[in-house]
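Q: Here it is: the structure, laid out below.
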Amino acid sequence: MKTQKPESIAAQALGWIDESTKEIVGQIHTSTTYIRDEDNQHRNGRAYARDHNPTFEQPEAVLNALEGGHQTRLFASGMAAATAVFQALNPGDHVIAPKVMYWSLRNWLKTFATRWGLQIEFVDATDLDAVRATIQPGKTKLVWIETPANPMWSITDIAATCEIAHAAGALVAVDSTVATPVLTRPIEHGADFVMHAATKYLNGHSDVVAGMLTATRDSETWQRIRGIRAQIGGIAGPFEAWLLMRGMRTLFPRVRTACASAQTIAEHFARHPLVAEVLYPGLPGFAGHEVAAKQMQGGFGGMMSIRVKQGAAAAIAVAASTQIWKRATSLGGVESLIEHRASVEGEGTPAPNDLLRLSVGIEATQDLIDDFEDALTAASRV
């Protein structure tokens with residue numbers, strides 16, 4: 001049989017069949033412990049559910065196949081997966097992170113990570129010269145990338161950044177939550193680790209909190225990360241793992257539908273008289289469009305931001321007026337969400353006060369356009 005395409009790998013969940021029941025949908029394994037052999041060994045490879053729950057194995061294997069990695073591990077959240085990478089470093093290690101990135105992780109790096117002795121330096125990750133000027137050969141141990149980066153959707157050149165980092169002896173980890181393996185496989189561009197907030201597109205139904213981390217190869221750092229997950233206990237529950245696997249089966253059609261809709265919506269509002277700017281990598285005028293076209297295959301994602309011409313009050317009024325777009329935090333679900341991001345992130349946010357973050361779902365594209373149009377018109381009259 002020929003090698004299966006990624007769409008088939010996801011839809012079939014690697015074709016796993018339970019040999020005892022012949023069922024095609026995996027079971028939820030709730031046991032917290034496993035019987036030992038008569039000589040007190042665990043030859044089945046499982047000792048305790050904190051690190052060895054069988055429900056984890058299928059989603060881990062599927063994402064690992066989609067990313068082309070050495071090994072993947074499931075975590076309790078995207079934050080648990082991301083912070084495990086930093087916790088695997090040593091006090092005094094120098095780390096480069098982007099100025100525009102997931103707000104919760106940025107706050108964690110500025111507070112907890114620095115208290116543990118990591119030296120965190122934030123740069124404009126889209127500027128390769130800035131990365132070169134900031135990296136410290138032999139001392140910089142990790143360069144963290146998020147692309148497209150929340151909430152401005154700036155694009156970082158993964159391959160070029162990996163070349164710079166590896167030449168200086170640093171590892172590269174990529175938050176690929178927004179791109180998903182449908183659009184970008186960071187390992188193919190040289191990344192050492194790929195992180196997903198699986199709560200978002202991988203699950204896709206806004207009913208699971210989880211994170212996943214894929215390693216390119218076995219290494220001392222990867223062994224440390226695995227140990228951190230097991231010893232600190234940042235794992236998902238079996239029911240969450242099962243729901244995640246259910247969502248991952250429809251990853252490709254969901255993401256492709258969202259991409260197509262987002263492209264149409266972005267093009268429509270890019271020339272709207274009440275819109276100051278649309279931030280979307282699929283627009284030719286977007287600063288990172290050419291790099292995005294190189295490393296994102298088949299679309300530019302389902303996330304965008306729209307800046308309302310009349311300012312912050314109007315932007316908030318737009319979000320208050322939508323009917324289909326729901327005012328809620330998060331992204332990547334089947335339902336479309338809208339959020340005034342500066343209000344959520346607070347002081348120090350890179351998001352302008354007139355910016356609305358949009359997560360495009362799988363509703364009818366014209367319904368989403370009409371709803372936002374109506375909200376813009378209503379807000380302009382206030």
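The values are calculated or read from the model by the stated rules, or taken from the named source; none is laboratory data. Bear in mind the structure is a predicted one, so any value in this text is a computation, not a measurement. A quick note on method: Cβ atoms are made from the backbone with ideal geometry, for glycine too, and the neighbour counts reach across all protein chains shown. Note: areas computed on protein heavy atoms with side chains; ligands, DNA, RNA excluded. Shrake-Rupley method; radii C 1.70, N 1.55, O 1.52, S 1.80 Å.
Q: Provide the percentage of antiparallel DSSP beta bridges, counting only those with both residues in the chain; round to the nearest 5.
A: 55 percent
Q: Keeping every protein chain present and rolling a 1.4 Å probe, give me the accessible area per residue for the chain in Å².
A: Ligands and nucleic acids excluded, the figure is 42 Å² per residue.
Q: Cα-Cα pairs above 32 Å in the chain: how many percent? Can you show the working numbers first?
A: On the way: 24962 of 72771 pairs.
Across the chain, Cα pairs with separations above 32 Å total 34 percent.
Q: Taking a temperature of 25 °C and a viscosity of 0.890 mPa s, what whole-number D in µm²/s does Stokes-Einstein yield for region 299-382 with Rh from Kirkwood over alpha carbon pairs?
A: Reported coefficient: 191 µm²/s.
Q: Kindly provide the helix-only [θ] at 222 nm of the chain, computed as the sum of -39,500 (n - 2.57) over DSSP H runs of four or more divided by all residues, to the nearest 500 deg cm²/dmol? Before the final figure, lay out each step's value.
A: On the way: 15 runs with 139 residues, N = 382.
The helix contribution divided over the chain gives -10500 deg cm²/dmol.
Q: Another question, if that's okay. Diagonalise the Cα gyration tensor of region 136-290 and give the resulting equivalent ellipsoid semi-axes, square root of 5 times each eigenvalue, largest first, whole Å.
A: 30, 24, 12
Q: Can you tell me what the convex hull of the Cα atoms of region 239-376 projects to on average, as an area in nm²?
A: 9.1 nm²
Q: Mind counting lysine pairs for me in region 21-174? Cα separation below 27 Å, and the two need to be 8 or more apart along the chain or on different chains.
A: 5
Q: Say we join alpha carbon atoms closer than 10 Å with springs in a Gaussian network model of the chain; which of 157, 192, 127 then has the biggest fluctuation?
A: Taking springs between Cα atoms under 10 Å, the residue moving most is 127.
Q: Related question: Of the accessible area of the chain, with the probe set at 1.4 angstrom, what percent is carbon plus sulfur?
A: Of all accessible area on the chain, carbon and sulfur atoms account for 52 percent.
Q: Something else about it: For region 342-349, just list the computed ³J(HN,Hα) in residue order, Karplus coefficients 6.51, -1.76 and 1.60, θ = phi - 60°, integers in Hz, with x standing in for Gly and Pro.
A: 4, 5, 6, 7, x, 4, x, 5
Q: From the gyration tensor of the Cα coordinates in region 68-151, what semi-axes in whole Å does the equivalent ellipsoid have, largest first, with each one equal to sqrt(5λ)?
A: Calculated on Cα positions only, the semi-axes equal 19, 16, 14 Å.
Q: How far apart, in nm, are the 7 Å Cα→Cβ label points at residue 31 and residue 224?
A: Result for the modelled spin labels: 3.5 nm.
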